[in-house]
Amino acid sequence: WVPVLGIGLVLTSAYFIESSASSWGSVYVHDTLAAPESVAALAYGGYSAAMLIGRLSADWLIRSFGAKRVIQVCALIALVGMLAVVFAPTAWVALAGFALAGGGLCVIAPLAFAAAGTLDQSGVAVARANTFTYVGFLLGAALIGPIADLSSMRVAYVISVALAVVIVLMAGSLSKRLEQPSTGQADTAQPATAH
């Protein structure tokens with residue numbers, strides 16, 4: 001479990017942000033920024049659309065610029081997006097922020113799972129890393145509302161900003177993990193026919 005914890009922290013952070021956008025994004029845009037429901041519904045729609053476009057472009061981006069640079073830039077984009085959400089003066093700024101967050105996070109989870117895959121050849125590390133996605137998604141849905149009730153939705157979304165900072169800080173170690181060769185018993189085992 002220990003080698004997976006750093007990757008798990010990234011996954012928990014990414015899925016918390018996604019859950020906060022899917023569960024509470026429209027509520028935030030509608031209630032805090034006084035947008036009509038038809039506009040507020042675009043919060044997660046924009047997030048999802050940007051993530052889809054990013055995922056479709058990710059292979060090309062990684063081949064062109066390398067995983068390290070893509071992770072670092074995308075993490076910063078996600079952070080800028082969540083800052084835009086928290087400090088948005090209008091609904092459209094918040095919608096742009098959610099879209100930036102989705103576009104920025106598009107590569108984080110896939111590359112985090114790829115990094116987990118370098119830890120062993122059995123898939124155990126990937127399965128353990130996947131546990132953290134559920135933690136993040138559940139916490140994102142469960143915490144934003146109660147914290148907003150105690151303070152405000154803007155204050156609640158500061159958690160997502162803080163977790164975006166975590167992703168930015170962890171981006172370097174994640175990219176280093178991807179650059180290392182896979183480890184595990186399967187790497188060192190000799191083929192049965194080898195002499």
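Some points to look at:
- Hits in segment 82-122 (condition: under 24 Å from Arg55 (Cβ atoms), assigned to a loop (DSSP other than H, G, I, E, B) and free of Cβ contacts under 8 Å to residues at least 60 places away in the same chain): Cys106, Val107
- For first residues located in segment 3-27 and farther than 11 Å from Ile144 by Cβ and free of Cβ contacts under 8 Å to residues at least 24 places away in the same chain, partners that are in a helix (DSSP H, G or I) and among the aliphatic types (A, V, I, L, M) and lie 6+ apart or on another chain with Cβ distances below 9 Å form the pairs Ser26/Ala40; Ser26/Leu42; Ser26/Ala43.
- Residue within segment 55-66 that is open to solvent by less than 40 Å² (accessible area, probe 1.4 Å), over 15 Å from Leu100 (Cβ atoms) and either outside any helix (DSSP H, G or I) or among the β-branched types (Val, Ile, Thr) (or both) present: yes
- Here Ser19 meets each of (1) surrounded by fewer than 17 Cβ atoms within 10 Å (Cβ to Cβ); (2) modelled with pLDDT of 95 or more with one exception, condition (1).
- Of all residues in segment 98-124, those being more than 17 Å from Ser175 (Cβ to Cβ) and either of a type in the set (Gly, Ala, Ser) or open to solvent by less than 10 Å² (accessible area, probe 1.4 Å) (or both) number 7.
- The number of residues in segment 149-195 being within 25 Å of Val10 (Cβ to Cβ), small (Gly, Ala, Ser) and either modelled with pLDDT under 95 or open to solvent by 40 Å² or more (accessible area, probe 1.4 Å) (or both) comes to 8.
- Count of segment 28-38 residues which are surrounded by fewer than 16 Cβ atoms within 10 Å (Cβ to Cβ) and touching a residue at least 12 places away in the same chain (Cβ under 8 Å): 2
- Condition met for Arg69 (buried (at least 18 other Cβ atoms within 10 Å of the Cβ), on the phi < 0 side of the Ramachandran plot and in a helix (DSSP H, G or I)): no
The values are calculated or read from the model by the stated rules, or taken from the named source; none is laboratory data. Only a predicted model underlies this, so the values are computations on that prediction, with no experimental measurement involved. Cβ sites come from the backbone with ideal geometry, for glycine too, and all protein chains shown count toward neighbours. Note: accessible area is taken over every heavy atom of the protein model, side chains too, but ligands, DNA and RNA are not part of it. Shrake-Rupley method; radii C 1.70, N 1.55, O 1.52, S 1.80 Å.
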